[in-house]
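Student: Submitted below is the structure of interest, expressed as structure tokens.
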Amino acid sequence: AGSYEHILTSTPKPGVGLITLNRPKALNALCSPLFVELNEALSKYDNDKSIGAIIITGSEKAFAAGADIKEMAPLSFSAAYSDNFIAPWSHLANTIRTPVIAAVSGYALGGGCELAMMCDILYCTETATFGQPEIKLGTIPGAGGSQRLTRAVGKSKAMELILTGKNFSGKEAAEWGVAAKAVAGGHEELLEQAFKTAETIASYSRVAVVAGKEVVNKSQELSLKEGVEYERRLFHALFGSKDQKIGMTAFAEKKKAEWSHE
Ligand code: CO8
């Protein structure tokens, strides 16, 4: 376990790094020091060869109730602009290559909703509360919410949600494609499902998993033709990995693949 002030880290299952947002008095509001710790913990797991998947979660009551409003309230334009406020939040989406699963119970509002959507796979409880309420504070989403929510639910619904600040449930998040799954039950059942998926991912060749994540992410940036071509090139490249030989030979010999992760 690492020693942080605003988060907890642990590896309760082999191959899976767990990060728990832990600022209970502020419903896990995402202050800048929390993000410094989160980024450090993510990088540590990402560089750890024994870790094949990462889970980010909060508490039963809150994944995160947003960016820290009290920290933001006095911020000036020039300070926000010159210090590039929020830019460090992109570390997760831009740099981390290990798959990250968000396990969301309770509130995921504003920056909390945006953090959950930055993760590669989002699981939630049916009763989780999502929303982009920034409009009620006289501002707009600032950590990718307008872009990622719109890609997930389409323009009209995203416009409705962002311009009214209306919350939506975990059940709706799954129906609309924001979440991969809404789990019936509480936080424990949710974590169980997240670990099951994380352990499955961690049981595969790390090289293939990183490539799989990379090509799915490319679909968000490239045209279909370019994306399909990009995928094919990386698919070709994987014939140069040891694990492609190991995986296909094991299939032909009816054996379990023992991955080299090379
Ligand atoms: N920031 C700072 N403190 C918070 C936040 C927050 N986002 N959310 C809750 N808290 C604090 C409360 O102030 C309270 O502290 P205290 O006990 O000292 O008064 C404590 O957490 C408990 O909260 P409540 O008493 O309000 O708990 P309730 O159960 O009554 O209500 C709610 C829960 C409905 C979640 C309510 O706390 C709430 O509405 N919170 C704010 C939600 C919100 O507007 N989030 C969006 C924030 S804006 C944002 O995220 C912008 C993102 C921009 C880009 C990224 C920027 C970093």
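The values are calculated or read from the model by the stated rules, or taken from the named source; none is laboratory data. Everything numeric here is computed off the predicted structure, so don't read it as measured data. Ideal geometry is used to build each Cβ from the backbone, glycine not excepted, and the neighbour counts take in all protein chains shown. SASA here: full protein model, heavy atoms, side chains in, ligands and nucleic acids out. Shrake-Rupley method; radii C 1.70, N 1.55, O 1.52, S 1.80 Å.
Student: Which helices (runs of 4 or more DSSP H) sit wholly inside the range 125-218 and have at least 3 residues that are more than 16 Å from the ligand (Cβ to nearest atom) and of a type in the set (A, V, I, L, M)? Quick ask: steps written out before the conclusion?
Tutor: Working: elements: 145-153, 155-164, 170-176, 187-202, 206-218.
Qualifying helices (runs of 4 or more DSSP H): 187-202, 206-218.
Student: A further question follows. Can you confirm whether S156 is open to solvent by 40 Å² or more (accessible area, probe 1.4 Å) and more than 20 Å from G15 (Cβ to Cβ)? Show your work before the answer.
Tutor: Values: open to solvent by 40 Å² or more (accessible area, probe 1.4 Å): yes; more than 20 Å from G15 (Cβ to Cβ): yes.
When the stated conditions are applied, S156 passes them.
Student: If a residue has to be open to solvent by less than 10 Å² (accessible area, probe 1.4 Å) and more than 7 Å from the ligand (Cβ to nearest atom) to count, how many in the range 99-111 make the cut?
Tutor: Matching residues across the range 99-111 total 7.
Student: Moving on. Specify the residue that is farthest from the ligand (Cβ to nearest atom); the eligible residues are those in the range 31-51 that are over 26 Å from S203 (Cβ atoms) and in contact with a helix residue (DSSP H, G or I) (Cβ under 6 Å, 6 or more places away or on another chain). Let's see the steps before the verdict.
Tutor: Of the residues in the range 31-51, the ones over 26 Å from S203 (Cβ atoms) are 31-37, 39-40.
Still in the list and also in contact with a helix residue (DSSP H, G or I) (Cβ under 6 Å, 6 or more places away or on another chain): 31, 35, 39.
Working: C31: 8, F35: 8, N39: 13 Å.
Among residues in the range 31-51 that are over 26 Å from S203 (Cβ atoms) and in contact with a helix residue (DSSP H, G or I) (Cβ under 6 Å, 6 or more places away or on another chain), the one farthest from the ligand (Cβ to nearest atom) is N39.
Student: Being surrounded by fewer than 21 Cβ atoms within 10 Å (Cβ to Cβ) and more than 20 Å from the chain's Cα centre (by Cα) narrows it down to one of T164, T127, so name that one.
Tutor: Numbers: T127 fails: more than 20 Å from the chain's Cα centre (by Cα).
Testing whether each residue is surrounded by fewer than 21 Cβ atoms within 10 Å (Cβ to Cβ) and more than 20 Å from the chain's Cα centre (by Cα) leaves just T164.
Student: Let me ask something additional. Report yes if some residue within the range 88-96 is part of a helix (DSSP H, G or I) and of a type in the set (F, W, Y); otherwise report no.
Tutor: So the first thing to find is which residues in the range 88-96 are part of a helix (DSSP H, G or I), and the list is 88-94.
Imposing the further condition that a residue be of a type in the set (F, W, Y) reduces the set to 89.
Yes: the range 88-96 contains one or more residues that are part of a helix (DSSP H, G or I) and of a type in the set (F, W, Y).
Student: Could you identify the single residue in A194, A179 that is at negative phi and in contact with a Leu (Cβ under 8 Å, 6 or more places away or on another chain)? It would help to see each step written out before you state the result.
Tutor: Numbers: A194 fails: in contact with a Leu (Cβ under 8 Å, 6 or more places away or on another chain).
Criteria check complete, one pass: A179.
Student: Please go through (1) open to solvent by 50 Å² or more (accessible area, probe 1.4 Å); (2) in contact with a Gly (Cβ under 6 Å, 6 or more places away or on another chain) for E40 and return the number of the only condition it doesn't satisfy.
Tutor: Result: E40 passes all but (2).
Student: Go through (1) assigned to a loop (DSSP other than H, G, I, E, B); (2) open to solvent by 60 Å² or more (accessible area, probe 1.4 Å); (3) within 12 Å of the ligand (Cβ to nearest atom) and name the single condition N28 misses.
Tutor: Unmet for N28, out of (1) assigned to a loop (DSSP other than H, G, I, E, B); (2) open to solvent by 60 Å² or more (accessible area, probe 1.4 Å); (3) within 12 Å of the ligand (Cβ to nearest atom): (2).
Student: Name the residues in the range 52-64 that are in contact with a helix residue (DSSP H, G or I) (Cβ under 6 Å, 6 or more places away or on another chain) and open to solvent by 10 Å² or more (accessible area, probe 1.4 Å), would you?
Tutor: From the range 52-64, those in contact with a helix residue (DSSP H, G or I) (Cβ under 6 Å, 6 or more places away or on another chain) are 52-55, 60, 63-64; that's our starting set.
Result: E60, single match.
Student: What number of residues within the range 53-81 satisfy the criterion of being more than 13 Å from the ligand (Cβ to nearest atom) and in a strand (DSSP E or B)?
Tutor: 5
For every residue, the table says whether it meets (1) in contact (Cβ under 8 Å) with a residue 12 or more places away in the chain; (2) open to solvent by less than 90 Å² (accessible area, probe 1.4 Å).
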| position | (1), (2) |
| --- | --- |
| E175 | no, no |
| A180 | yes, yes |
| Q193 | yes, yes |
| T200 | no, yes |
| S203 | yes, yes |
| L224 | no, no |
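Per-residue answers, yes or no, for (1) free of Cβ contacts under 8 Å to residues at least 24 places away in the same chain; (2) farther than 30 Å from W259 by Cα:
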{"position": "V16", "(1), (2)": "no, no"}
{"position": "N28", "(1), (2)": "no, yes"}
{"position": "A41", "(1), (2)": "no, no"}
{"position": "A53", "(1), (2)": "no, no"}
{"position": "I56", "(1), (2)": "no, no"}
{"position": "F63", "(1), (2)": "no, yes"}
{"position": "P74", "(1), (2)": "yes, yes"}
{"position": "N84", "(1), (2)": "yes, yes"}
